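Undergrad: Mind having a look at this structure? Questions to follow.
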Amino acid sequence: MGKRRQERMAVEIKKVLSQIIQDQIKDPRLDFSTISITRVDVSNDLGHARVNFSILGEAEQQDETIKVLQSAKGYLRSELAREIQLRHAPELEFRLDKSIEHGIRISSLLEELRESERDK
């Protein structure tokens, strides 16, 4: 399978999953404003897709969101297959990506340093 096809499929899966999560999942435990899919990695045979997502919020909210996504995995996979018109949808694996939180924390630390430098 070509690397280019893998990349195109990863981009398409990211776009479609984002849309499905936002429009079709009606779970009250899910806050759509705090979830973002950061990256999708697809295996060579397109049989597996590792979906990295970020959740802004407390650890409790993150755990709850992970549970919701894990329980909706079958539905997301079937809707993904229908939207992209795939005969065999990839098996989805969700992973929490803390890079956005880490970036926000670093930015706030840098801002604190700048303010302390100005005060001196």
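Undergrad: Quote the Stokes-Einstein diffusion coefficient, in whole µm² s⁻¹, for the chain, based on the Kirkwood radius over alpha carbon pairs, a temperature of 4 °C and a viscosity of 1.567 mPa s.
TA: Numbers: Rh = 15.9 Å.
Once the numbers are plugged in, D ends up at 82 µm²/s.
Undergrad: Sorted from fewest to most neighbouring beta carbons within 10 Å, what does the list Phe53, Phe32 look like? List each step's numbers first, then the result.
TA: Working: Phe53 23, Phe32 11.
So the residues, fewest neighbours to most, are Phe32, Phe53.
Undergrad: Please give the FRET efficiency for Arg118 paired with Lys98, using the beta carbon to beta carbon distance and R0 = 25 Å, rounded to the nearest 0.05.
TA: Here the calculated transfer efficiency is 0.25.
Undergrad: Same structure again: Would you mind counting up the charge near Arg118? Only other residues with Cβ under 12 Å from its Cβ, with Lys and Arg at +1 and Asp and Glu at -1. Walk me through the numbers on the way to the answer.
TA: On the way: positive: Arg114, Lys120; negative: Glu111, Glu112, Glu115, Glu117, Asp119.
In short, -3.
Undergrad: Same structure again: Count the DSSP beta bridges whose two residues both fall in the chain, then state the antiparallel fraction as a percent rounded to the nearest 5. Intermediate values should be presented prior to the final figure.
TA: Numbers: 7 of 13 bridges.
Percent antiparallel among DSSP bridges in the chain is about 55.
Undergrad: With the contact rule set at Cα under 8 Å and sequence spacing of 6 or more, what percent relative contact order holds for the chain? Kindly include the intermediate steps, with their values, before the conclusion.
TA: Values: 131 pairs, mean separation 31.5, N = 120.
Rounded, it is 26 percent for the chain.
Undergrad: Let me ask something else about it. Taking the chain as a Gaussian network, Cα atoms linked when under 10 Å apart, which of Lys15, Lys26, Lys73 shows the biggest mean-square fluctuation?
TA: Judging by the Gaussian network model, the answer is Lys26.
Undergrad: Could you pull out every residue, at least 5 positions away or on a different chain, whose amide H is within less than 5 Å of the one on Thr38? Hs are placed 1.01 Å off N in the peptide plane, and Pro or chain starts have none.
TA: Amide H to amide H, under 5 Å and 5 or more residues apart or across chains, Thr38 pairs with Asn52, Phe53, Ser54.
Undergrad: First measure r as the distance between the Cβ atoms of Glu111 and Arg29, then evaluate 1/(1 + (r/R0)^6) with R0 = 25 Å and state the FRET efficiency to the nearest 0.05. If you can, show how the numbers build up before the last one.
TA: Details: r = 32 Å, r/R0 = 1.29.
That pair, Glu111 with Arg29, gives E of 0.20.
Undergrad: Rounded to the nearest 10 degrees, what's the angle between the helix 99-119 long axis and the longest principal axis of the chain, both from Cα atoms, 0 to 90?
TA: Compared with the principal axis, the helix lies near 10 degrees.
Undergrad: Which of Arg87, Arg95, Arg29 moves the most in a Gaussian network model of the chain with Cα springs under 10 Å?
TA: Checking each option, the largest mean-square fluctuation is seen for Arg87.
Undergrad: Treat the count of other C-beta atoms within 10 Å as a stand-in for reagent exposure and order Val68, Val40 from fewest to most. Could you put the intermediate results ahead of the total?
TA: Working: Val68 16, Val40 23.
The most exposed by this proxy come first: Val68, Val40.
Undergrad: Still on this structure, I have one more. Taking loop as defined by DSSP and a crowding limit of 12 other beta carbons within 10 Å, which GluC sites (Glu not before Pro) in segment 9-68 fit? Write down the numbers at each step before the final one.
TA: Details: sites: Glu12, Glu58, Glu60, Glu64; in loops: Glu58.
Here the sparse-neighbourhood loop sites are Glu58.
Read-outs: derived from the displayed coordinates by stated rules, not from any lab. Please read all numbers here as calculations on a predicted model, not as lab measurements. Here Cβ is always computed from backbone atoms with ideal geometry, including for glycine, and neighbour counts include all displayed protein chains.
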